[in-house]
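Quick notes on the structure that follows.
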Amino acid sequence: MEVELVLLVLACKVFVEMPQWVDWICFDYFCANNPKHCCQTESMVETKSTNDDKYGVLLYYKYSKIPDLDDLFTTYNSNCNSLSLLGRVRLAPHGVNVTIGGKLSSLNEHIAFMSKNPLFEGTDFKLATCSEPINDKIAEECGFTTLSIRIVKELVTFSSNPLLKPPEISNAGQHLSAVEFHSLLQNANASETSETSKPSKKFVLLDARNLYETRIGKFHAPNVETLDPEIRQYSDLPSWLDNHSEKLRGNNILMYCTGGIRCEMASAYIKSKGPGFENVFQLYGGIQRYMEQFPDGGFFKGKNFVFDHRVSVGPSNGNVVGNCLICNFPFDDYSSRSRCRYCRMLVLVCHACKGKDLVYACELCQKYGKPVEPETESKPKPEPDPKGSKKLRILCLHGFRQNASSFKGRTASLAKKLKNMVEFVYIDAPHQLQFIYQNKEIGETKFPPNKVCNRKYAWFIDPSTDENTSLNWEIAQTPFDSLQYQKQTSGYDESLAYLKELVTKNGPFDGILGFSQGAAMAACVAAQKLSLKGEIDFRFVILCSGFCVNLAENEKNLINCPSLHIYGSDHGKDTQIAFDASRRLVLLFEEGSSVIIEHDYGHIIPTRSPYIDTIKDFLNRFL
């Protein structure tokens, strides 16, 4: 029996390490001499093959100066597409941040390929096996149904407002392995309770994640205080650190987040505060590496929220630390993607309460004065009384080759259904367009109608087009380019200046609604929302059949502005703006700030149920 077991071990080693033809010679020989172990060995070979076909998620980041962003963009685009990898790749002058999914074999190829680049020396590639995502709401929301590669200013948006002196990433906190981090918590606990030794500095744990993440899991160590900033988004963290610096001053600060990247910038920011803030340590590889080292959870209780289709990953102990927002029953499943009606942050609502068709106010909105008792969606929501309540004023930006009058006609049904909630203000875009037609090369020339037409306008385009104010039709000099909308950016500065002047005269406005090219213009304004404060103030944007244009303003940070996106689905028959173009625009906005309506009616704004109900729900947040 012992000889047979030795042979079995040797056979296993051969199958893993030797060429395929050697595998099968050894396999046949072993089966002929050990028939009772043959089935087990076949199973081993089959398992190896199956593992290669399993699905996985890869997470990694690297802070390093990127010599050529365009070249790296091309590299990622080529490699990820050739391996059928989906997810998010963010490239900045100071590094990369990647979350992608695909077959394990493909992800391992990607790791091997990127590891050859000196840029990624020492990179912590965190690869996890999981089930393959289906094309559902969660996978789409997390960006795991497409490949999104973007060049950005920051890998993670650390502050909504520009910092006077951004922290140097080279000054980040000291990295601690999972074992070192665990050991420090243990020693901190021992030293706190010891009668013979008193530490000169107290240990505090600082969670650098958002509230919806900490709801379902965080570190708990006896006698070590865990500080939870309870922020909606990472860009709120600097303000919290400024307002609570006395809780950190003079202490040993142990920081952690999901995978480590948020701690890099945040720890550098803390250390930049000077004396009293020198002792900052961060968990290298984040909670993910810690749970790999301590499968039972160790000092981490609950589940780790992740930004992919898995939603959360829990240790083997199965502890539930979250609670339903409505009934307070232990619950930690975000798969329903329930959100606060006011700020759109994820909330925990158990299956029983979800079935009651409720709307929700998160803990933070309740804390700052929003209604505690949720309303029911089963009852019609009362619309504001036009005599007693102020309507929302929305500035409307029309599409290419339209004007205010024609766009008002196209949105008449929408305006009628929202008449008690909204006042739409329509304007012409600043750039006038020529009346042109295409001269057919074969057959008869098709002349334009012999009548006077209303002027047509556009955003973005070359201001020189304004020189032609004639109402006569002219033959186009070049064939029609169906992708022309992607190239029209030279008149953006003039368009923005025009909007500033108009808002000064006719504002204020609560929101901006843009259609097609007007939506692209509105998105660019939303991207500059902070810098335009005092000149163009608004609270939200509605982007219909929108797309993004190649402007520097759109290559900085993710846009932090409440937004409603309305566009034709993948089979929506929108022959003007492709589904993928509108979807890419959604990805420019921060997760949690957007509401999406996909419809099957082409290049229009649908006004029938359930679409109009979603539009009203969105607008109700601002009344």
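Can you find even one residue in region 545-558 that is touching a strand residue (DSSP E or B) at 6+ places or on another chain (Cβ under 8 Å), at pLDDT 85 or above and part of a helix (DSSP H, G or I)? Within region 545-558 (the criterion being touching a strand residue (DSSP E or B) at 6+ places or on another chain (Cβ under 8 Å), at pLDDT 85 or above and part of a helix (DSSP H, G or I)), the answer is no, since none of the residues qualifies. SER245 satisfies every condition listed in (1) closer than 30 Å to ILE559 by Cα; (2) exposed (fewer than 15 other Cβ atoms within 10 Å of the Cβ); (3) under 28 Å from the mean Cα position of the chain (by Cα) except (3).
Results for (1) among the hydrophobic types (A, V, I, L, M, F, W, C); (2) modelled with pLDDT under 90; (3) in contact with a strand residue (DSSP E or B) (Cβ under 9 Å, 6 or more places away or on another chain), shown as yes or no for each residue.
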residue: SER239; (1), (2), (3): no, yes, no
residue: GLU246; (1), (2), (3): no, no, no
residue: ASN252; (1), (2), (3): no, no, yes
residue: ALA266; (1), (2), (3): yes, no, yes
residue: TYR269; (1), (2), (3): no, no, no
residue: TYR290; (1), (2), (3): no, no, yes
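Residues of region 293-347 being open to solvent by 20 Å² or more (accessible area, probe 1.4 Å) and assigned to a strand (DSSP E or B), which ones? If the condition is that a residue be open to solvent by 20 Å² or more (accessible area, probe 1.4 Å) and assigned to a strand (DSSP E or B), then LYS301, SER312, VAL313, ASN323, PRO330, ARG339 are the ones that fit. Starting from residues that are within 27 Å of MET265 (Cβ to Cβ) and not hydrophobic (A, V, I, L, M, F, W, C), keep the ones in region 80-96 and report whichever is surrounded by the most Cβ atoms within 10 Å (Cβ to Cβ). Checking each candidate, the answer is GLY87. Only a single criterion out of (1) in a loop (DSSP other than H, G, I, E, B); (2) of a type outside the set (Gly, Ala, Ser); (3) over 30 Å from ARG341 (Cα atoms); (4) open to solvent by 50 Å² or more (accessible area, probe 1.4 Å) is not satisfied by GLU225, namely (1).
Candidates LEU623, LEU619, LEU585: the one that is open to solvent by 10 Å² or more (accessible area, probe 1.4 Å) and of a type in the set (A, V, I, L, M) is LEU623.
Considering each of THR196, THR157 in turn, give the residue that is among the polar types (S, T, N, Q), within 24 Å of ASN97 (Cα to Cα) and either modelled with pLDDT under 90 or surrounded by 16 or more Cβ atoms within 10 Å (Cβ to Cβ) (or both). Only one candidate qualifies: THR157. Restricting region 405-428 to residues that are in contact with a Cys (Cβ under 9 Å, 6 or more places away or on another chain) and open to solvent by less than 20 Å² (accessible area, probe 1.4 Å) leaves a set whose member that is nearest to ILE542 (Cα to Cα) is THR411. The single condition from (1) open to solvent by 20 Å² or more (accessible area, probe 1.4 Å); (2) at pLDDT below 50 that THR41 fails is (1).
Among residues that are more than 30 Å from ILE231 (Cβ to Cβ) and either at pLDDT 90 or above or within 28 Å of the chain's Cα centre (by Cα) (or both), MET345 is not included.
The set of residues in region 520-547 being in contact (Cβ under 8 Å) with a residue 60 or more places away in the chain and touching a Phe, Trp or Tyr at 6+ places or on another chain (Cβ under 7 Å) consists of ALA520, MET521, PHE538, ARG539, PHE540, CYS544, SER545, PHE547.
The values are calculated or read from the model by the stated rules, or taken from the named source; none is laboratory data. Keep in mind that this is a model prediction, so the values were computed, not measured. Positions of Cβ are backbone-derived with ideal geometry, glycine not excepted, and every protein chain shown enters the neighbour counts. Areas reflect the complete protein model, heavy atoms only, side chains present, ligands, DNA and RNA absent. Shrake-Rupley method; radii C 1.70, N 1.55, O 1.52, S 1.80 Å.
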